[in-house]
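The values are calculated or read from the model by the stated rules, or taken from the named source; none is laboratory data. What you see is a predicted model, and the numbers here were worked out from it, not measured in a lab. Neighbour counts run over all protein chains shown; Cβ positions are idealised from the backbone, glycine included. For the accessible areas, the whole protein counts, side chains as well, though only heavy atoms, and no ligand, DNA or RNA atoms are used. Shrake-Rupley method; radii C 1.70, N 1.55, O 1.52, S 1.80 Å.
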Amino acid sequence: ARGGKKTARLMVVGIPNVGKSTLINRLNGSAVARASDRPGVTRAKQWVKIGPYLELLDTPGMLPPRLDDQTRAQSLAFLGSVRDQILDTQELAGALLRRLLALKPELTRARFKLPAELSDSLCGEALLEAACKGRGWLLSGGRFDLERGAALVLDEFRAGKVGKISLEAPEV
């Protein structure tokens, strides 16, 4: 350290796919840490020098060893903290639509062109089918493209296109 100033060394930690590497890249002003919109890209710890007096440790995302609370586990899956490849994305997207309708019905109906008379008590599959119909995600013969619909529902939520929505309220 020059002039008696020491370099601060800080660790950046969090769940997978929340933007740890992206934050480091922004602070650095260039892409020094590999970043992506899917979990598991950062596989090893890496020190990144941000300036003459700051180094940040980019770390892989961490999840609790056990997720007993299924609502929280599902929220992590909605956010993309769990790899989509190990989940049934159609079931996940349907569950997300149910949750979004409960939290922000107007935003959800507008984004996915869901009819106003649609009951939010419908099963997830029916909600996903309604979103496919509303947005025109159809296959030949008018069948619903559930695979594409599920991927787009999840992607649009994760990109913030549905709106600013928190899946959890702070505990009081």
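Annotation: of all residues in the stretch 153-172 being of a type in the set (D, E, K, R) and open to solvent by 70 Å² or more (accessible area, probe 1.4 Å), the one that is modelled with the lowest pLDDT is E171. Of all the numbered requirements in (1) modelled with pLDDT of 90 or more; (2) basic (K, R); (3) surrounded by 13 or more Cβ atoms within 10 Å (Cβ to Cβ), K20 misses one, and that requirement is (1). Scanning the stretch 92-148 for residues that are acidic (D, E) and at pLDDT 95 or above gives E129, D145, E147. If the condition is being touching a Gly at 6+ places or on another chain (Cβ under 8 Å) and open to solvent by 40 Å² or more (accessible area, probe 1.4 Å), then the stretch 61-74 contributes only M62. Considering only residues that are farther than 16 Å from N17 by Cα and open to solvent by 40 Å² or more (accessible area, probe 1.4 Å), which ones fall in the stretch 36-49? Across the stretch 36-49, the qualifying residues are Q46, W47, K49. Scanning the stretch 134-147 for residues that are within 24 Å of the chain's Cα centre (by Cα) and free of Cβ contacts under 8 Å to residues at least 12 places away in the same chain yields a total of 1.
Considering T71, T42, the condition of being assigned to a helix (DSSP H, G or I) and either hydroxyl-bearing (S, T, Y) or in contact with a His (Cβ under 6 Å, 6 or more places away or on another chain) (or both) is satisfied by T71 alone.
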